[in-house]
Each structure stands twice: as C-alpha cells, then as structure tokens.
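The values are calculated or read from the model by the stated rules, or taken from the named source; none is laboratory data. Owing to the predicted nature of the structure, the values given are computational and were not obtained by experimental measurement. All Cβ positions, even for glycine, are placed from backbone atoms using ideal geometry, and neighbour counts span all protein chains on display.
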Amino acid sequence: MRPADYAELIRSRATHCDSECRGLYVRILRGRTPEDFVAMSDDPDRKVVMFVGGADSGSLVGLTSYEMLNRLGYTEDYIADLLESGQRFKLLVFKSNRNTFPTIWGTLPDVVGRIYSTRVGDMVARCLTELRDLTFTQIEQRAGFSFAEVNKLGKDDPRFMTVDRLLMSEGRVEHVRAFLYFSLHLKELFSGDGYTYTPDGRRGMKEYFALNKPVTELKDAVLVDLEVCVPVIKRMQREISKLHALPRMVYILQTGAAGQLVRDLWQTPGSSATILGHRFCYAQEDLLDAVEVPGRVIEITSWCSEATGRIMASTAYRKARLFADQRGKGSEPVVGLGITSVVCGKEELPDGKIECANLAIMTERGVNCIFLKLRSAGSDATPKQRMAHRVRQGELIDLVALNLILWAFDGVEQVPLDPEWLLFMESEQFVRQPNGDVIIHFDIRRSS
C-alpha cells in the first residue's frame, strides 16, 4: 500500500484496512505553526524520534484521533496538557528507510552512542539492568520529583536532564532515565520491549528509533491533519471531579431510558460527598411506590411528561433533604433530579406518541424543567440498529442530566456535546460556541 492510499483511509474515516501495510510507517507530529511540521519533531534540539509501523499500521484505521494517540502511548494527562497548550496534530505516513532500530533496551547504548558520544552510550549501558528491572515509578521515586511536572517547566529547570547535565551527573539510573525521558522522549509507558503500550497496559504496535530528519527526506511522505478531541466521558469525569468538591448533594429518581450517569458519578473519586442515592423505576407500579407521599394521592396521567418530571424531582429533593439532615448536614444545599423518558428499542411507537425525555431538577430555588424531543431510529432500522440507537439516546439523556446537575451546582461548566449526538435529538436548545463546542442552552421553565 502507498502512503497516499493509507492517508486517504484515515481522512475518509474508513472502518478498517484490508490491504497489506508492510513497509509502511507512521508517526504523530504536533505543533502550533506550519514550521513545526517541517521535520519529524517540532523540537530542533531533538536528535532521535520514534515511530511505529509495518504490518501493524493497519490497526490505526478506524480509530478516532484520540484513540490513535492512546494506542501510540500518549497518556490522557499528556494529551490534555498538549491540547490546553494549543497543540495541533498531524499523522505522518511514509515508506521505510534505513538506519532504524527497534525500541528495546539493548539497542539504546548503541543508538545514544552514535548520536551523542561513546561516553553517553556507556553511561546508558551501565544502567541497563536497573532500567529493565525497576519500574518507572520506582526510578521516579529515587529521583525525588515528578518527571511530568519538570517536563512542563522545560530546560530552564535544573532537573531537566540534558546531555550536558547527564555528563556532569553521577550517572545513576535515575539520572540516565531522566535523560532518556527529557531528551529522547522515552515517557512513562516506554517498556523497552519494542512495542508501544496503551495507558491501560495493553501492548500496542511495533516501535522503532531513527534520526530526526526533515519530512521531505522521507520516502513518499504524506501528512494527514488530525482533529483530536477529548472523549465526552473524559470531560465528564473532569467536571464530575469539580462537582464532588462542592458542598452540594444529589438524589436521582429515574425511569425510562438509562445510560451510565450514576456509574460515572460513582466511579469518579469523591462521589460519597455528592451522591445521596439513586432509584431506577421501570415498572409504573414501582414509580408510583417511589413517589408515594403518606396521606396524599399522587396521580400520574402521562408517564413521560413535565408534570411527572416535577413529581419525581420533588420526591428526589425530599429524600435528599432527609438524608442530608440525617448526616448532620442540614444546612448544606441539596438537589433532587427526576428523569423520565420514552424511547423505542424494538418497534415504532403507536401513532401520536413521540420519543422524548422530560428532566426536572429541584433546588432550594424551585423546580426547573427541560423537554427533549428525541429522533427516531427510523422505520427501516434493523432491530440491532434500533437497540444501538436506544443506547445512544440513553447516553444523551444522561449527559443532559449531568449538565443540569452542573448547572444547579453553581460555578461548574457544562460538558460540551459531541456534534454527532445532534443526530439523536431535535431541539432548539443547542448553542455552538466560538471554539466549536456544542452546549445546551437551558431555556429553563421555573415554577413559582
């Protein structure tokens, strides 16, 4: 396969690659200006780069740009830092050339010795056993500082190990590993076995060392623009962390479609400070039991309606208030969230019925409601497509619910919606911000 053909698969977001990729190599380039993409690295002082390829190259086809970075060993925090600093990304595709070495510990002394000096290569060679046997965390503990934090500070920090600083050091394993980290970019996930690794420990693709050189010197080189976006779930976790740090607690009462809102709230550290409880009612009888008030008859004429959402939100608020008082936190604000929806997973709804969701949230300021009209999967959708559509609807409802909670917790930003999710909802409540993010404009209806 030619690099140009492979590049077209990436641009067209093809789902898979059927062709032979042997002899094809790829590397992620990053930078802020066109000049940053002239060579294989935007760092003019960098002498060695890594890239992946061969038969494994086809495994990148079908991945999102974010997933590609993960697959090639970029950690979530590192990606977030790069995006925050304004970095853009391109995929460099080229044919193999000479003078490449597998990224294994055994080749490092030779690679470093050729590029820097025999003395530097010997310093690496003396530490090879410890480099293999000790974990990155153990070496970092010996150094006494976070390599990632020093990397952000740059070369002005004396702990940033350049080749000159390495030559002036005692040459212990922590000094050598810092040099490899800062000067050769062998980061936390470098294992020295010739493969990349994902942040969750899965082995990725074969990896190689080579000299940094201009892109024009690479055979048949092609650059592909990548649009790297942090997945919604990652953004959700960051905002949920902020939510957990605020003095406000929530109880959720839910019926109809469900995604993973409660799981996301619970899995993010600090959840015990925020979540007071959650009840999912599927049967109508269970919902009636959940909203029952002693001495009062609750009538529900429509199971997915603003009125039902209000009843559920007020019930959730009462429970939140009760449980907060029992915790001895009666003075702290609470939130009650009601979510009711009707979606279709197997067949079309009867005439006159629509797929929709009503969400209501109650705070000390009153009850606020949002109505979402959901798009149908279509009459020609297969059962499998309907079910997948229903799952996405549930995820969308949960994300809107989370944003409603964030709105109630003053000072926490919304999680932008993936524009693709606009395919699952009909609403005028979406606003596209100048940076391209899609958020919900809460046209709130507040009770008196």
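Checking each residue in the range 10-45 for being of a type in the set (Ser, Thr, Tyr), surrounded by 15 or more Cβ atoms within 10 Å (Cβ to Cβ) and under 25 Å from the mean Cα position of the chain (by Cα) picks out only Ser41. Scanning the range 383-421 for residues that are at pLDDT 80 or above and β-branched (Val, Ile, Thr) yields Ile397, Val400, Ile405.
Every listed requirement among (1) assigned to a helix (DSSP H, G or I); (2) over 30 Å from Arg238 (Cβ atoms) is met by Ile79 save one, (2). Which numbered condition trips up Leu265, out of (1) under 18 Å from Leu243 (Cβ atoms); (2) of a type in the set (A, V, I, L, M, F, W, C); (3) at pLDDT 90 or above? The number of the failed condition is (3).
Among the listed residues Lys219, Lys155, identify the single one that is under 26 Å from Gly31 (Cα atoms), outside the structural domain of Arg27 (by the TED database), basic (Lys, Arg) and exposed (fewer than 15 other Cβ atoms within 10 Å of the Cβ).
Working: Lys219 fails: outside the structural domain of Arg27 (by the TED database).
Exactly one residue qualifies, and that residue is Lys155.
Please identify the pairs in which a residue from the range 23-49 that is within 15 Å of Val224 (Cβ to Cβ) has its Cβ atom under 6 Å from the Cβ atom of a residue that is acidic (Asp, Glu), counting only partners at least 6 apart or on another chain. Within 6 Å, the pairs are Gly31/Asp42.
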